[in-house]
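Enquirer: Shown below is the structure under consideration.
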């Protein structure tokens, strides 16, 4: 997101504003709930990862239908209505797993392709999300360089949640530390709520 702001400044825009627009409606049971995500966003702003002076945080009150390319058009149109001129589209947005095979149902670039052809979205400038991964040489997230692929780690959302559930920390520089603590605290609270697995004895 900071890279996008830099690109827009280079294009001549005076003060690009980021609309951080987290989904506020229904999500899957195993997704991180809205209040936790909002607390993470607060930490990211407090720690200066994103500039609070140029970032607007507001909830997008829509359910997630996991409808892949169809849904990404709805998300993009809603951002136009919110006043956005540019839209950063991620890889495999609003996707889901294949019902019978161990792979994603949609191609990672489906969202970008659909938005480039979708009628009614001509006013929106699509900014494809460049592939980022954890660069072990500099201990932080960076844009993937295929010429030194062995230096990069791809940490999926599933793996990230597994780290948080086990209380394990991700590599240094992978995520804002205070934001990570929020996620770990959330999963710890879930474990505390689970019923005891102690055997029940009867006489």
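The values are calculated or read from the model by the stated rules, or taken from the named source; none is laboratory data. None of the values given here were measured: they were computed from a predicted structure. Here the Cβ is made from the backbone with ideal geometry for all residues, glycine too, and neighbour counts use every protein chain on show.
Enquirer: Return yes when residue 75 is out of contact with any helix residue (DSSP H, G or I) (no Cβ under 8 Å at 6 or more places or on another chain) and under 30 Å from residue 189 (Cβ atoms) and no when it is not.
Expert: yes
Enquirer: Next question. Between residues in the range 144-162 that are in a helix (DSSP H, G or I) and residues that are exposed (fewer than 13 other Cβ atoms within 10 Å of the Cβ), which pairs lie under 7 Å by C-beta distance while being six or more apart or on different chains?
Expert: From residues that are in a helix (DSSP H, G or I), the pairs are 151/137.
Enquirer: For residue 116, are the conditions met, namely being part of a helix (DSSP H, G or I) and surrounded by fewer than 14 Cβ atoms within 10 Å (Cβ to Cβ)?
Expert: Spelling it out, residue 116 is indeed part of a helix (DSSP H, G or I) and surrounded by fewer than 14 Cβ atoms within 10 Å (Cβ to Cβ).
Enquirer: Moving to a separate point now. When the range 49-64 is examined, which residues are found to be exposed (fewer than 12 other Cβ atoms within 10 Å of the Cβ) and at pLDDT below 95?
Expert: 61, 63
Enquirer: Just to check your reading of the model, which residue among 67, 94 is surrounded by 13 or more Cβ atoms within 10 Å (Cβ to Cβ), touching a helix residue (DSSP H, G or I) at 6+ places or on another chain (Cβ under 6 Å), at pLDDT below 95 and outside any helix (DSSP H, G or I)?
Expert: After applying the criteria, what remains is 94.
Enquirer: Can you confirm whether residue 124 is under 25 Å from residue 5 (Cβ atoms) and surrounded by 13 or more Cβ atoms within 10 Å (Cβ to Cβ)?
Expert: yes
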